[in-house]
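To start, the structure itself, in structure tokens.
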Amino acid sequence: MTAATPAPTPNPLGPLARYEKDVVERITNFNDPHQEWRRLFSELLGTFFLVLAAAGGGMMSHAFPGVISHSAAVVAPALTVMAVILFMGRISGAHLNPAVSIAFALRRDFPWSRVPGYIVVQLAGATLAALVLHAIINVSATYGSNYPASGYSALAAFWMELILTTGLVSVILGTASGAQNVGIIGAFGVGAYVALAGLWGSPISGASMNPARTFGPDLASTTFTSYWVYIAGPIAGAVIAVGIAFVLRGPGGDKAATGAAQGDLIAEAYEPGKS
């Protein structure tokens with residue numbers, strides 16, 4: 001008498017649960033270093049949209065005088081930043097700004113090895129946006145860039161960029177930290193700060209607060225008037241913000257801040273049947 005053939009063990013996961021598990025596993029692969037291109041694409045796309053709105057306000061205003069107000073020109077990129085953080089912040093961290101990438105690295109929330117790649121694609125996304133705007137509107141990208149205001153020195157613009165960026169990066173680091181992490185709602189804080197800074201600070205320096213945002217239009221128009229202001233000011237402001245964060249919250253590197261800086265795609269481990 002032969003032993004009965006054991007019945008096959010049924011798969012404990014139904015079709016829907018298996019599909020859910022597959023999706024989670026595909027997303028988890030973003031943590032694989034070989035998937036860094038996904039994060040880089042996210043940064044390129046996000047910076048493209050940011051500069052499209054930021055430079056587009058000035059260029060459209062020149063093409064259609066009187067149509068776009070100063071308030072609209074500074075609020076549009078602020079709303080774009082907020083939207084981009086909401087839709088892709090969990091992928092790349094939505095830095096969109098070399099000064100922010102450097103600040104996160106200084107706080108030990110982001111690996112220095114990934115900073116060069118982020119900066120390159122941020123500059124590329126900004127340049128692509130300026131070129132697209134020029135092709136569509138047929139207006140020089142100089143109208144979408146930032147320069148010190150007439151009657152004000154480059155040094156005055158530098159101090160304005162430094163101060164504004166110190167506040168911006170302080171908001172970003174603060175809302176990302178474990179001590180005061182507000183998750184995705186941080187997008188509203190960052191967007192609100194960009195709008196408020198632009199409303200009062202843009203007349204002197206343009207309130208760029210972002211080397212990539214100014215680099216794109218400058219490269220597209222091959223006009224780099226006082227561009228050093230828009231590198232030195234934001235980076236110096238970011239370094240000061242890191243020092244402020246240390247005084248307020250101590251050293252970085254906590255789990256919440258690291259997740260926010262690098263893109264925290266999975267908040268908790270997968271459990272069958274739980275979504």
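The values are calculated or read from the model by the stated rules, or taken from the named source; none is laboratory data. All figures in this text were calculated on a predicted structure; none of them were measured in a lab. Every residue, glycine as well, gets a Cβ built from its backbone with ideal geometry; the counts of neighbours run over all protein chains shown. Accessible surface areas use protein heavy atoms only, side chains included; no ligands, DNA or RNA. Shrake-Rupley method; radii C 1.70, N 1.55, O 1.52, S 1.80 Å.
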Against the condition at negative phi, open to solvent by 10 Å² or more (accessible area, probe 1.4 Å) and under 11 Å from the mean Cα position of the chain (by Cα), how does Val81 come out, does it pass? yes
For the range 214-243, the count of residues that are in contact (Cβ under 8 Å) with a residue 40 or more places away in the chain, over 17 Å from Ile172 (Cα atoms), open to solvent by 10 Å² or more (accessible area, probe 1.4 Å) and in a helix (DSSP H, G or I) equals 6
Being in a helix (DSSP H, G or I) and in contact (Cβ under 8 Å) with a residue 12 or more places away in the chain is the filter here, so list the residues in the range 247-259 that pass it. Leu248, Arg249, Lys255, Ala256, Ala257, Thr258
Pick from Gly125, Gly186: which is buried (at least 20 other Cβ atoms within 10 Å of the Cβ), at pLDDT below 95 and either more than 20 Å from Val81 (Cβ to Cβ) or of a type outside the set (Asp, Glu) (or both)? Gly186
Applying the selection to the range 133-169, what residues are surrounded by fewer than 16 Cβ atoms within 10 Å (Cβ to Cβ) and in a helix (DSSP H, G or I)? Ala135, Ile136, Leu155, Ala156
Of the conditions (1) open to solvent by less than 20 Å² (accessible area, probe 1.4 Å); (2) on the phi > 0 side of the Ramachandran plot; (3) of a type in the set (Ser, Thr, Tyr), Ser205 satisfies every one except a single condition; which number is it? (2)
Failed condition for Ile172, given (1) at pLDDT below 95; (2) surrounded by fewer than 24 Cβ atoms within 10 Å (Cβ to Cβ), with all others met? (2)
